[in-house]
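Report on the following structure.
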Amino acid sequence: MDIRECLPRDKHDFEAVRKLNQFSDVELKVIIPELMEWLQDGNWPISKPVENLLLRLGEDLVPHIKDVLQTQDSTWEYFIFWWG
């Protein structure tokens, strides 16, 4: 199964996150940018489960967090720093 087929399709797609949790960290690294997009609004129901999934990846997130900071999207930046 292609991991990209398991990406969430909407802000309520908890089933997709459940499926993604079954993939290894190495496999998840490929879709970090797509998963980061689900953190653009921490009010989305899927935001927290995606956050928990991403936090498994630790330091591999650093370049992607830097990318978010370069977007100058203050809402996205806020929710990135609001983690935890």
Starting at the first residue of region 39-51, write each ³J(HN,Hα) from the Karplus equation 6.51 cos²θ - 1.76 cosθ + 1.60 with θ = phi - 60°, in whole Hz, x for Gly and Pro. 9, 5, 9, x, 7, 5, x, 7, 4, 5, x, 5, 4
Through the Karplus equation 6.51 cos²θ - 1.76 cosθ + 1.60, θ set to phi - 60°, convert the phi angles of region 69-77 into ³J(HN,Hα) values in whole Hz; use x for Gly and Pro. 5, 7, 6, 6, 8, 4, 5, 4, 4
Can you put M36, M1 in order of accessible area, largest first, using a 1.4 Å probe? M1, M36
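Seen from all sides and averaged, what is the projected area of the convex hull of the Cα atoms in the chain, in nm²? Please list the in-between numbers first.
Working: hull surface 20.2 nm².
Result: a mean projected hull area of 5.0 nm².
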Show me the trypsin sites (Lys or Arg not before Pro) within the chain that DSSP assigns to loop and that have at most 15 other Cβ atoms within 10 Å of their Cβ. R9, K11, R56
FRET efficiency for K19 and F81, using Cβ-Cβ distance with R0 set to 25 Å, rounded to 0.05: 0.35
About its Cα centre, how strong a charge dipole does the chain have in debye, to the nearest 20, once Lys and Arg get +1 and Asp and Glu get -1 at the Cβ? 200 debye
Chymotrypsin sites (Phe, Trp or Tyr not before Pro) within region 55-84: which are DSSP loop residues with at most 12 other Cβ atoms inside 10 Å? W82
With the charge dipole of the chain built from beta-carbon charges (+1 for Lys and Arg, -1 for Asp and Glu) about the Cα centre, the Cα from C6, Q40, L69 projecting farthest to the positive end belongs to C6
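Can you tell me the accessible area per residue over the chain, all protein chains present, probe 1.4 angstrom, in square angstrom? Mind dumping the intermediate values first?
On the way: 5160 Å² over 84 residues.
Solvent-accessible surface per residue comes out at 61 Å².
The values are calculated or read from the model by the stated rules, or taken from the named source; none is laboratory data. Quantities reported herein were computed from a predicted structural model and do not represent experimental measurements. Note that we place each Cβ from the backbone using ideal geometry, even for glycine, and neighbour counts take in every protein chain shown. SASA here: full protein model, heavy atoms, side chains in, ligands and nucleic acids out. Shrake-Rupley method; radii C 1.70, N 1.55, O 1.52, S 1.80 Å.
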